[in-house]
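Read through the structure below, which is laid out as structure tokens, and then see the notes.
The values are calculated or read from the model by the stated rules, or taken from the named source; none is laboratory data. Just so you know, these numbers come straight off a predicted model, no measurement behind them. Here the Cβ is made from the backbone with ideal geometry for all residues, glycine too, and neighbour counts use every protein chain on show.
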Amino acid sequence: MSIVTLVEAIWLFSAVALVILILLHSPKGDGIAAIGGQAQLFSSTRSAETTLNRVTWSLAVVFMSATVVLSAGWLPGSTINTPAPAPVTSPQAAPIPSELPLVPTEPTPATP
């Protein structure tokens, strides 16, 4: 297992975990309940929410760091910064004469 494969696995895990954690967050707005004054009816402790926020931010930092490292090609064995192969040189072709007729001409028949 190379270092590139390991960082790609961490990147993939953090991406999937971020999606799941973001979907677990509770909505921040009061919505339609704020109109009737029912917004504070179902308030609960926010310790689980703060922990969820910290884990989400940590995974976001891991995801973005892995994205930068993978896209920059800083890891050994990365194929991002490898130089392109030299072009294949072919033997010289025969030069093309510059005074070729554009339209092939045929002899015109003689009219009596």
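Summary table
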| quantity | calculated |
| --- | --- |
| Matching residues in region 19-65 - criterion: being surrounded by 11 or more Cβ atoms within 10 Å (Cβ to Cβ), at pLDDT below 85 and among the small types (Gly, Ala, Ser) | ALA33, ALA34, ALA39, ALA48 |
| Members of region 66-97 found to be part of a loop (DSSP other than H, G, I, E, B) and either at pLDDT 75 or above or touching a Cys at 6+ places or on another chain (Cβ under 8 Å) (or both), listed by number | GLY73, TRP74, LEU75, PRO76, GLY77, SER78 |
| Selection count where residues are within 10 Å of LEU59 (Cβ to Cβ) and in contact (Cβ under 8 Å) with a residue 12 or more places away in the chain, scope region 11-27 | 6 |
